[in-house]
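Right, one structure below, let's go through it.
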Amino acid sequence: MAEIRLDRLRHSYLANPAGEADYALKEINLTWQDGGAFALLGPSGCGKTTLLNIISGLVTPSDGQVLFDGQDVTPLPPDRRNIAQVFQFPVIYDTMTVHDNLAFPLRNRGVAPDRVETRITEIARMLELEDQLGTRAANLTPDAKQKISMGRGLVRDDVNVIMFDEPLTVIDPELKWKLRSKLKELHQQIAVTMIYVTHDQTEALTFADQVVVMQDGVIVQMGTPVELFDRPQHTFVGHFIGSPGMNLLPCEVSDGGATFHGQPVALEGPIIRNGGDTQIGIRPEHVGIGPHGIPATVRKVADVGRHIVVEADAAGTSVNAIIDRDPPERGAQVHLAFDPARTRVYADGWIATEEADP
Amino acid sequence: MKTENQRAWFFVLPVLVLVAFNALVPLMTVVNYSVQETFGNNQFFWAGLRWFEEILRSERFHAALGRQLLFTVTILIIEIPLGVAIALAMPRRGFWVPVCLVLMALPLLIPWNVVGAMWNIFTLPDIGLLGWTLNNVLGIDYNMTQSPVAAWITVIVMDVWHWTSLVVLLAYAGLISIPEAYYQAAKIDGASNWSVFRYIQLPKMKRVLTIAILLRFMDSFNIYTEPFTLTGGGPGNSTTLLSIDLVKIALGQFDLGPAAAMSLIYFAITLAVSWLFYTLMTRDEP
């Protein structure tokens, strides 16, 4: 178990990167405390797998350092970093039994046979694989195979970190949920640092204590799931997390306030940064339909069970609102009321309003 | 619910007709010859299983079969590991991949009788590059038309030269289909190079290697053209493999009955070994 620190990390797959655009990862500084559950969330191609492979040592970064407990491990190969990784597609040794699969990383490191047996018994119990220890791994279902890959990481009691690279991609939806809670449970039992890479917000938000959201090789925000939801630092986070994502309305900024098509909009606090492209950001959960506010036409009403999603058109911009009851008719003229404490302005994508005093 | 429908047979019919004309009918004529005796004039007499008995007891057949087995086993022992080793050493990506693949495919593109003729000239002690070099530069007394050992070595080296590429290409296809994650996982698990080969590469190559061994077994067991053009079965009978012997009996001596019986025994052995091998190799696959 270890604290993981990434210090001014940059990576380019090109031999001679010329500009910023050539970097798959652009200057990353990050500290993950020992024993935490972390998620790396972002769309495909945002650099999260590159970052993961740099931590595991499969990729050597162009610049910067990877530190485990303050010790620089950047030049070390994967087997000397004491890490474990679970891949997207289950990796198992086909010809071996489940037992031998679990024993493999220990035997390679010359662990005493009786110690190997104790560890396997322990881990097999945790993963509920006890009954399958004698079967050949090749004949198992994908979720059992994925459990074995996890098990190979867990059996070593000296691992610094276990990394998961979209491990539930090939698992059936119903088993996905089961395996995810199993993972969470395992983390609580053994408190080893875990990093979970995914493009699925539900997986990230349910698994991790801290979520790192990435876009185009840049970390846009790091925080608890609640922080990411409540106060996105970047429009990308607002849009990527939540269903539907945050509403973004183009606005004009003048005299420290924002206007949407001439109509002033109340904000959480004063605007402290200015930029070329300004937008108002508000989550659908904080948009109400009332007598006052921004006029709009209802375009679509969808009852999704727990609540109702209303899609309205406000001067050419689509705005979603989530309400509990009394949905308006399609085509009705309504007014959208924004909760001022949750209404923010983003300049060039980044948050530009100051947080109101709690 | 599944409905039984016999119409499918109708679609298989053209293939059945085709197979019947190019395989079953000729095979049946062989069966026909194998139980009869002829003295020419298109006159045939019933012989029962006499030819089969005669062939199975004949020392000449035993010797040819022995030579055949020795040849097949030797080339398999050399070609399979060598092919795997070359495939492992080949680059997986980059500029050299197509170059290596084309170089590997070249021997396979040469017609079989040309291979035999090529090696025949190549090994001539007076004008062949290899034969001349061995005799005059390295001082080794080498003449494959006189020494059975030299003839055997030449036949085997020729086959290895001609056919190892097939094993290489098949093994290589198996190797490049292994996802990168397997190697990464093995690295993280601290596996040695040998373990990677033993537990990842070899199991993943098992299917293609089964096919490679099967193809090489059948081809080498039935081989005729190359050794015939190279040595003609000599010196003496030392490189007379089963097929060469068969042709001698059938077309040299015109003993159609015994030749037909021998063909069938030969065919049965090839079929039985192939079936047994394939069944054993694929028995525990899902």
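Find the helices (runs of 4 or more DSSP H) located wholly in the stretch B:179-238 whose residues include 1 or more that are in contact with a helix residue (DSSP H, G or I) (Cβ under 8 Å, 6 or more places away or on another chain) and aromatic (F, W, Y), and list them. Before the answer, list the steps.
Working: elements: B:180-188, B:193-196, B:202-221, B:225-231.
The helices (runs of 4 or more DSSP H) meeting that bar are B:180-188, B:202-221, B:225-231.
In the stretch A:157-180, which residues are without any contact (Cβ under 8 Å) to a residue 24 or more places away in the chain and part of a loop (DSSP other than H, G, I, E, B)?
none
Taking the condition at pLDDT 85 or above and surrounded by 15 or more Cβ atoms within 10 Å (Cβ to Cβ), does A:R342 pass?
Values: at pLDDT 85 or above: yes; surrounded by 15 or more Cβ atoms within 10 Å (Cβ to Cβ): yes.
So A:R342 passes the test.
Any chance the stretch B:161-175 includes a residue that's closer than 25 Å to A:N108 by Cα, away from every other protein chain (no Cβ under 14 Å), touching a residue at least 40 places away in the same chain (Cβ under 8 Å) and in a helix (DSSP H, G or I)?
Quick first cut of the stretch B:161-175, residues closer than 25 Å to A:N108 by Cα only: B:175.
Now restrict to residues that are away from every other protein chain (no Cβ under 14 Å): B:175.
This time we only want the ones that are touching a residue at least 40 places away in the same chain (Cβ under 8 Å), so: B:175.
Then drop every residue that is not in a helix (DSSP H, G or I), which leaves B:175.
Yes - at least one qualifying residue is present in the stretch B:161-175.
Quick one: A:Q33 ticks every box in (1) surrounded by 19 or more Cβ atoms within 10 Å (Cβ to Cβ); (2) under 20 Å from A:T206 (Cβ atoms) except a single one, so which number is it?
(1)
If a residue must be outside any strand (DSSP E or B) and either of a type outside the set (S, T, N, Q) or modelled with pLDDT of 85 or more (or both), how many such residues does the stretch A:240-263 contain? Steps first, answer last, please.
In the first step, residues of the stretch A:240-263 are kept if they are outside any strand (DSSP E or B); the result is A:240-246, A:251, A:255-256, A:261-262.
Next, from what is left, pick out any that are either of a type outside the set (S, T, N, Q) or modelled with pLDDT of 85 or more (or both): A:240-242, A:244-246, A:251, A:255-256, A:261-262.
Qualifying residue count, the stretch A:240-263: 11.
Please indicate, with yes or no, whether at least one residue in the stretch A:181-194 is buried (at least 19 other Cβ atoms within 10 Å of the Cβ), within 20 Å of A:F87 (Cα to Cα), among the hydrophobic types (A, V, I, L, M, F, W, C) and free of Cβ contacts under 8 Å to residues at least 40 places away in the same chain.
yes
Per-residue answers, yes or no, for (1) modelled with pLDDT of 90 or more; (2) within 14 Å of chain A (Cβ to nearest Cβ); (3) out of contact with any Gly (no Cβ under 9 Å at 6 or more places or on another chain); (4) buried (at least 22 other Cβ atoms within 10 Å of the Cβ):
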residue: B:A181; (1), (2), (3), (4): no, yes, yes, no
residue: B:G190; (1), (2), (3), (4): no, yes, yes, no
residue: B:P203; (1), (2), (3), (4): no, yes, yes, no
residue: B:I223; (1), (2), (3), (4): no, no, yes, yes
residue: B:P235; (1), (2), (3), (4): no, no, yes, no
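Is it fair to say A:L76 is within 27 Å of A:V116 (Cβ to Cβ) and out of contact with any helix residue (DSSP H, G or I) (no Cβ under 6 Å at 6 or more places or on another chain)?
Numbers: within 27 Å of A:V116 (Cβ to Cβ): yes; out of contact with any helix residue (DSSP H, G or I) (no Cβ under 6 Å at 6 or more places or on another chain): yes.
So A:L76 fits the description; yes.
Given (1) among the hydrophobic types (A, V, I, L, M, F, W, C); (2) closer than 24 Å to A:Q221 by Cβ; (3) buried (at least 16 other Cβ atoms within 10 Å of the Cβ), where does A:V309 come up short, assuming only one miss?
A:V309 satisfies all of (1) among the hydrophobic types (A, V, I, L, M, F, W, C); (2) closer than 24 Å to A:Q221 by Cβ; (3) buried (at least 16 other Cβ atoms within 10 Å of the Cβ) except (2).
Restricting attention to the stretch A:76-92, which residues are surrounded by fewer than 19 Cβ atoms within 10 Å (Cβ to Cβ) and not charged (D, E, K, R)?
Result: A:L76, A:P77, A:Q88, A:F89.
Take the residues in the stretch B:51-106 that are charged (D, E, K, R) and part of a helix (DSSP H, G or I), then tell me which one is surrounded by the most Cβ atoms within 10 Å (Cβ to Cβ).
First pass over the stretch B:51-106, keeping only residues charged (D, E, K, R): B:53-54, B:57, B:59-60, B:67, B:79, B:92-93.
Narrowing further to those that are part of a helix (DSSP H, G or I): B:53-54, B:57, B:59-60, B:67, B:79.
Working: B:E53: 11, B:E54: 16, B:R57: 9, B:E59: 7, B:R60: 14, B:R67: 20, B:E79: 24.
Top of the filtered list is B:E79.
Looking at the stretch A:93-105, which of its residues are more than 9 Å from chain B (Cβ to nearest Cβ), surrounded by fewer than 24 Cβ atoms within 10 Å (Cβ to Cβ) and in contact with a Lys or Arg (Cβ under 8 Å, 6 or more places away or on another chain)?
A:T97
Of (1) assigned by TED's automatic domain parsing to the domain that holds A:A341; (2) surrounded by 18 or more Cβ atoms within 10 Å (Cβ to Cβ), A:R273 satisfies all except one. Which?
(2)
Sort out which residues of the stretch A:106-116 are outside any helix (DSSP H, G or I), within 23 Å of A:T193 (Cβ to Cβ) and more than 7 Å from every other protein chain (Cβ to nearest Cβ), and write them in order of number. So that I can check it myself, show each step before the final result.
Going residue by residue through the stretch A:106-116, those that are outside any helix (DSSP H, G or I) are A:109-112.
Then keep just the ones that are within 23 Å of A:T193 (Cβ to Cβ); that gives A:109, A:111.
Scanning the stretch A:106-116 gives a single hit, A:V111.
Would you tally the residues in the stretch A:42-70 being away from every other protein chain (no Cβ under 14 Å), within 15 Å of A:I4 (Cβ to Cβ) and without any contact (Cβ under 8 Å) to a residue 40 or more places away in the chain?
0
Would a scan of the stretch B:130-148 turn up a residue that is within 14 Å of another protein chain (Cβ to nearest Cβ), of a type in the set (V, I, T) and free of Cβ contacts under 8 Å to residues at least 24 places away in the same chain? Write out each step before concluding.
Taking the stretch B:130-148 first, the residues within 14 Å of another protein chain (Cβ to nearest Cβ) are none.
No - not one qualifying residue is present in the stretch B:130-148.
Is there a residue in the stretch A:229-244 that is closer than 29 Å to A:D94 by Cβ, of a type in the set (F, W, Y) and either assigned by TED's automatic domain parsing to the domain that holds A:L106 or crowded, with 23+ Cβ neighbours inside 10 Å (or both)? Let's see the steps before the verdict.
In the first step, residues of the stretch A:229-244 are kept if they are closer than 29 Å to A:D94 by Cβ; the result is none.
Within the stretch A:229-244 (the criterion being closer than 29 Å to A:D94 by Cβ, of a type in the set (F, W, Y) and either assigned by TED's automatic domain parsing to the domain that holds A:L106 or crowded, with 23+ Cβ neighbours inside 10 Å (or both)), the answer is no, since none of the residues qualifies.
Which condition number in (1) over 21 Å from A:M150 (Cα atoms); (2) at pLDDT below 85; (3) within 14 Å of another protein chain (Cβ to nearest Cβ) is the one that A:R80 fails?
(1)
Look at B:D245 and say whether it is touching a residue at least 40 places away in the same chain (Cβ under 8 Å), farther than 26 Å from B:W51 by Cβ, out of contact with any Ser or Thr (no Cβ under 9 Å at 6 or more places or on another chain) and not aliphatic (A, V, I, L, M). Break it down into steps so the answer makes sense when it comes.
Numbers: touching a residue at least 40 places away in the same chain (Cβ under 8 Å): yes; farther than 26 Å from B:W51 by Cβ: no; out of contact with any Ser or Thr (no Cβ under 9 Å at 6 or more places or on another chain): yes; not aliphatic (A, V, I, L, M): yes.
So B:D245 does not fit the description; no.
Can you find, within the stretch B:3-46, the residue that is surrounded by the fewest Cβ atoms within 10 Å (Cβ to Cβ) among those that are among the aliphatic types (A, V, I, L, M) and under 13 Å from B:D255 (Cα atoms)?
Step by step, filter the stretch B:3-46, then rank; the result is B:V30.
Inspect the stretch A:129-149 for any residue being among the acidic types (D, E) and over 26 Å from the mean Cα position of the chain (by Cα) and give the result as yes or no. So that I can check it myself, show each step before the final result.
Of all residues in the stretch A:129-149, those among the acidic types (D, E) come to A:130-131, A:143.
Those still in the list that are over 26 Å from the mean Cα position of the chain (by Cα) too: A:130-131.
Checking the stretch A:129-149: at least one residue is among the acidic types (D, E) and over 26 Å from the mean Cα position of the chain (by Cα).
State the number of residues belonging to the stretch A:129-154 that are within 10 Å of chain B (Cβ to nearest Cβ) and either over 19 Å from B:Y199 (Cα atoms) or surrounded by 16 or more Cβ atoms within 10 Å (Cβ to Cβ) (or both).
Looking only at that region, the number is 5.
Quick one: is A:L9 in a strand (DSSP E or B), farther than 20 Å from A:G153 by Cβ and either within 14 Å of chain B (Cβ to nearest Cβ) or not β-branched (V, I, T) (or both)? Steps first, answer last, please.
Working: in a strand (DSSP E or B): yes; farther than 20 Å from A:G153 by Cβ: yes; either within 14 Å of chain B (Cβ to nearest Cβ) or not β-branched (V, I, T) (or both): yes.
Here the answer is yes, as A:L9 does meet what is asked.
The values are calculated or read from the model by the stated rules, or taken from the named source; none is laboratory data. Fair warning: this is a prediction, and the values are worked out from it, not measured in the lab. Backbone-built Cβ (ideal geometry, glycine too); neighbour counts: all protein chains shown.
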